[in-house]
Amino acid sequence: MIDCRRASELVSQSWDRPLTRREKFGLRFHLLICAACRRFERQLALMNRVFKRGEECPPEPMPVEVKGRLAERLDRAIQASTPPQSQEGNRPPRSE
Amino acid sequence: MTISGLDPQRWLDEHGDTLYRYARLRVGEAAEDIVQETLLAAWQGRARYTGQAAERGWLMGILKHKVVDHLRRHYRQRDVEIDAGEDGIDGWFDASGHWATPPGDWGGDPRKLAESTQFWSWLERCMERLPPRQKLVFALRDLEGEEAEVVCKEIEVNANHLYVLLHRARLSLRRCLEGQGIGATFPEEGLK
């Protein structure tokens, strides 16, 4: 008979690998009689479903100072790099 | 500076909040740098943007790469030892292997949770409390949905070790989320 600690390990691992027949059997039996571990199982399943929807997470406006810094850094970085399309044609001939 | 409408400043205005939120949850303080790297990489690679994918999806794709990259780099730099006592999990089960504090009833609708700002800020707060290694594997496996084998290869741990880290991370997070009040705010449907 497995304990809650082991059962919680198996519940967690069932998300990462197929359990062996023996593990499945032990876990199922434990879950049958243990409401706490059933709740743990449901909690993990719920979290998993929420994370799959991670991109639906409502955007929180980024702090104004972060946005200001980003805008400035982007500007500088872009000005520092030569726009690739202007390299065409004015590239100096390769000297051999 | 605008090339065929692809302009990092406009991206920042239109998608910045979404990108930042996504990065913030996964890499914390480094989010600002990661978003900048993403927008610059997008700008440098703009020739490869065919316009077939939605602009946001294209930027998110680049961001995800940067995030995973950062997590991996961070992990290598830290070279953190696994410390079993660090997270306190050993005290969460009593001597006979029972839950010291059994998980509470919380459930609700995954969609409602996903759409709630509250949930994600709890998660962010709770993730910050995880030991670095657990945070990393949790972010890669559970948030990014990478295959367990891929995570093992990426951060060079064996499968059993990965399972241990994930188990501990999930136990910590569920406990922390419960402590934040997830059960009361999002009660199990049908029980009310």
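The values are calculated or read from the model by the stated rules, or taken from the named source; none is laboratory data. Because the structure is predicted, anything quoted here is derived from the model rather than measured. Note that each Cβ is placed from the backbone with ideal geometry, even for glycine, and that neighbours are counted across all protein chains shown. Surface accessibility is based on the protein's heavy atoms, side chains included, excluding ligands, DNA and RNA. Shrake-Rupley method; radii C 1.70, N 1.55, O 1.52, S 1.80 Å.
In this structure, B:Thr185 does not satisfy being touching a Lys or Arg at 6+ places or on another chain (Cβ under 8 Å), surrounded by fewer than 21 Cβ atoms within 10 Å (Cβ to Cβ) and of a type in the set (Val, Ile, Thr). When B:Arg21, B:Arg56 are screened for being open to solvent by less than 20 Å² (accessible area, probe 1.4 Å), on the phi < 0 side of the Ramachandran plot, modelled with pLDDT of 85 or more and not aliphatic (A, V, I, L, M), only B:Arg21 passes.
Screening the stretch A:18-74 for residues that are of a type in the set (Val, Ile, Thr) and more than 7 Å from every other protein chain (Cβ to nearest Cβ) and picking the one that is least open to solvent (accessible area, probe 1.4 Å) gives A:Thr20. Restricting the stretch B:112-144 to residues that are open to solvent by less than 10 Å² (accessible area, probe 1.4 Å) and free of Cβ contacts under 8 Å to residues at least 40 places away in the same chain, which is farthest from B:Arg168 (Cα to Cα)? So, considering only residues that are open to solvent by less than 10 Å² (accessible area, probe 1.4 Å) and free of Cβ contacts under 8 Å to residues at least 40 places away in the same chain, the one farthest from B:Arg168 (Cα to Cα) is B:Ala114. Considered as a group, the residues in the stretch B:86-111 that are part of a helix (DSSP H, G or I), free of Cβ contacts under 8 Å to residues at least 40 places away in the same chain and farther than 28 Å from A:Arg53 by Cα include one that is least open to solvent (accessible area, probe 1.4 Å), and that residue is B:Gly91. Taking A:Cys37 as the residue in question, decide whether it is in contact with a strand residue (DSSP E or B) (Cβ under 7 Å, 6 or more places away or on another chain) and farther than 23 Å from B:Glu147 by Cβ. Judged against the criteria, A:Cys37 is not a match.
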